[in-house]
Amino acid sequence: MAKKTLNIVESAYRAVMEEQDDTILWLLAAMQGAGAEHTVVLRGNAVNYAVAGQGAPGLTVGEWKQTQAPKMDRDVLDLIEKRKIPVYVVAEDLADRGIGPGELVPGIQLLSRTALPALFDDFALVAHW
Amino acid sequence: MAQYLLIESRDPFESNDVGYYYDLAKGLVEGGNQVTLFLAQNGVLSARPSAHSGALGALARSGVTVLADDFSLQERGIAKLAEGVAAASIDVVVDHLAAGHKTLWH
Amino acid sequence: MSKKTLTIALMDPPYESENLTTAFRILDVAARRGYDINVFAYEGASGLAFVRQAPHPNPVHGKDLAEENHPTTKDQVAALLAEAEKNGGKVDWVNCGMCVDERGVGEFVPGTRRGSPADFHAFAEASDNVLVIPTK
């Protein structure tokens, strides 16, 4: 059985348009496909990834048009439903940003900031992204 | 009880997220774990005695071992350290990794 | 000192962040100890081992090429591999393939290789510990 890894993701919207993905969530999904056992905690600005109904149209530069613009809510849902990666969101970070729990994609688990340290006990590895 | 190494590369002057990381260290200690906070890069700027270094003293009193990377200190000309902070070499990071302690970087 | 296997994931491109200076200091200690070291060079870090990096002079400080002796990360990577080997350890340095492709940095320091997230997973499973150094 793979080492259970907790991934605390706080980096948000860094190069997502260029890469058409959040490269951390992408990496974890790819590793899960290779047999890893990941769990994700979205904190800080990354809690915004769980907000349903987001996504900008693709970038255009002159005649060049992006055709596969990313949608982070779709990618978070993918992690939960297709990759079976549990995704937590830090509740206080949502509240700080004026995001209500009802605005999130389904399947998100809320986690209090104060409960984060205790969660570490359940994992062989903890990575901060 | 587990042992943790938390590496903090950011400083509270430029990032208001450093408080979260200090709180994480304190939360882990309160959970019965042994925690070392290793300040590196601009993270050592808070190790110079200032209005912001009280937080590090408080962490040390709560049971967190607070260390500051000697290379980063020297690079920034920081000779005097705030209460509760000790200088340490980067070997400490490798010691913790080699011992299997959960190691995080912020 | 017992031999250990450590994995480090890097993300920063060369010359943009102090994270890499610290990373190479950590890697150097591990290499001097003769540890086996796995490096997963992801995103911008996939350019760290790009062999076409070239040093340059420093006209602001009036230094020619030799005097400036500007660091290149490719040389640091090569030196790391050599140091580990000298001390009985080995480095498995993987440059994430898609990251390499999109950056056009597909010529690597000998001894490093192209790889994928599956390698990072394999590294993590086989190591005594893993350190992720994220980018901002």
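A few remarks follow.
- In chain B, the DSSP beta bridges split such that about 0 percent are antiparallel, to the nearest 5.
- Rg ratio (alpha-carbon, reference 2.2 N^0.38 Å) - chain B: 0.96
- Ranked A:Glu63, A:Glu37, criterion: other C-beta atoms within 10 Å, fewest first: A:Glu63, A:Glu37
- The stretch C:67-136 versus the stretch B:1-15: alpha-carbon centroid distance in Å: 25 Å
- Placing pseudo-labels 7 Å out from each Cα toward the beta carbon at B:Ala2 and C:Asn69 gives an inter-label distance of 4.4 nm.
- Across the protein assembly as shown, the volume of the C-alpha convex hull divided among the residues equals 165 Å³ per residue.
- Cα centroid separation, the stretch C:1-53 to the stretch B:72-106: 18 Å.
- Beta bridges assigned by DSSP with both partners in chain A are antiparallel in approximately 15 percent of cases.
- Pair-distance profile P(r), taking every C-alpha pair of the stretch A:20-108, with 5 angstrom steps and integer %: 3, 14, 23, 22, 17, 11, 7, 3, 1
- Taken one residue at a time, the phi angles of the stretch A:113-129 give Karplus couplings (6.51, -1.76, 1.60, θ = phi - 60°) of 3, 6, 8, 4, x, 5, 5, 4, 4, 7, 10, 6, 10, 10, 10, 10, 10 Hz. Gly and Pro are set to x.
- GNM top mover of C:Asp101, C:Asp36, C:Asp28 - chain C, alpha-carbon springs below 10 Å: C:Asp101
- Across the stretch A:58-129, Cα-Cα pairs farther apart than 19 Å form 53% of the total.
- The stretch A:109-129 versus the stretch A:1-65: alpha-carbon centroid distance in Å: 18 Å
- DSSP-defined antiparallel bridges as percent of all bridges, the protein assembly as shown, nearest 5: 10 percent
- Once backbone amide H atoms are built at 1.01 Å from N, A:Val126 has A:Leu6, B:Thr103 as its partners under 5 Å, excluding neighbours fewer than 5 places away on the same chain.
- Directionally averaged projected area (convex hull, Cα atoms, the stretch C:5-133), nm²: 7.9 nm²
Values in this text are rule-based calculations from the coordinates and carry no lab data. Keep in mind it's a predicted model, so treat the numbers as computed, not measured. With ideal geometry, Cβ positions are generated from the backbone for all residues, glycine too; neighbour counts draw on all protein chains shown.
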